[in-house]
Amino acid sequence: MRVLKTGGIVAALVIAGVLIAAATRSDMFRVQRSASNPFEQQDPRLKGSYSGAASAAYAFAGNGNVGKGTIEIIESAPASWVTMTLHMLAPFETRNTVRFLLEPQGDGTRVTWAMQGPVPYLAKIIHLFIDMDRMVGSEFEAGLASLKAIVEKTP
């Protein structure tokens, strides 16, 4: 009986610790990498459609690696930056801001790809165990590498 009581107390303390740690986390997240959309490469059967003025919005539905949602250009400045809203519907609903920043660097251009959005309390708990920067950042790195390869092949 004493072992069960001690085990219950330890479990309660661990759960309380996780909840307190999550409460101290930021209400926003940001992932950024500098260096083609890598998500299209993850699902060859991805279905997508463009809409809006000058194809400013793209709706997509893919496998578990890609999910389902829309991404829409909301602001841009030629040869400087593009800001988009990403509304994911699956695997869970989120609304994030995605931005590409283009900066002259010597005889080239530095491209920075960033995404940020709100982190509700439940997501804070999840972020204690899943590193968003590592998970999404690796996708950004792959996308930037793909973009670099395409640009360097283009005359």
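The values are calculated or read from the model by the stated rules, or taken from the named source; none is laboratory data. Fair warning: this is a prediction, and the values are worked out from it, not measured in the lab. Note: ideal-geometry Cβ built from the backbone for every residue, glycine included; neighbour counts use all protein chains shown.
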Residue list for region 64-96, filter: polar (S, T, N, Q) and surrounded by fewer than 12 Cβ atoms within 10 Å (Cβ to Cβ): S80
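Given the criterion in contact with a strand residue (DSSP E or B) (Cβ under 7 Å, 6 or more places away or on another chain) and not hydrophobic (A, V, I, L, M, F, W, C), identify the matching residue among S80, S138, S146.
Values: S138 fails: in contact with a strand residue (DSSP E or B) (Cβ under 7 Å, 6 or more places away or on another chain); S146 fails: in contact with a strand residue (DSSP E or B) (Cβ under 7 Å, 6 or more places away or on another chain).
Every option except S80 fails the conditions.
Would you mention how many residues in region 111-135 are β-branched (V, I, T), closer than 15 Å to V98 by Cβ and surrounded by 17 or more Cβ atoms within 10 Å (Cβ to Cβ)?
Taking region 111-135 as the starting set, the residues that turn out to be β-branched (V, I, T) are 111-112, 119, 125-126, 130.
Next, from what is left, pick out any that are closer than 15 Å to V98 by Cβ: 111-112.
When the remaining residues are screened for being surrounded by 17 or more Cβ atoms within 10 Å (Cβ to Cβ), the result is 111.
Result for region 111-135: 1.
Filter the strands (runs of 3 or more DSSP E) completely within region 69-155 down to those with at least 2 residues that are touching a Gly at 6+ places or on another chain (Cβ under 9 Å), polar (S, T, N, Q) and farther than 30 Å from V14 by Cβ. First the steps, then the outcome.
Values: elements: 81-90, 94-105, 108-118.
In region 69-155, 94-105 are the strands (runs of 3 or more DSSP E) which contain 2 or more residues that are touching a Gly at 6+ places or on another chain (Cβ under 9 Å), polar (S, T, N, Q) and farther than 30 Å from V14 by Cβ.
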Index of the failed condition, R95 passing every other in (1) within 13 Å of the chain's Cα centre (by Cα); (2) at pLDDT below 90: (2)
Subset of region 26-42 that is among the polar types (S, T, N, Q) and modelled with pLDDT of 80 or more - its residue that is farthest from the chain's Cα centre (by Cα): S26
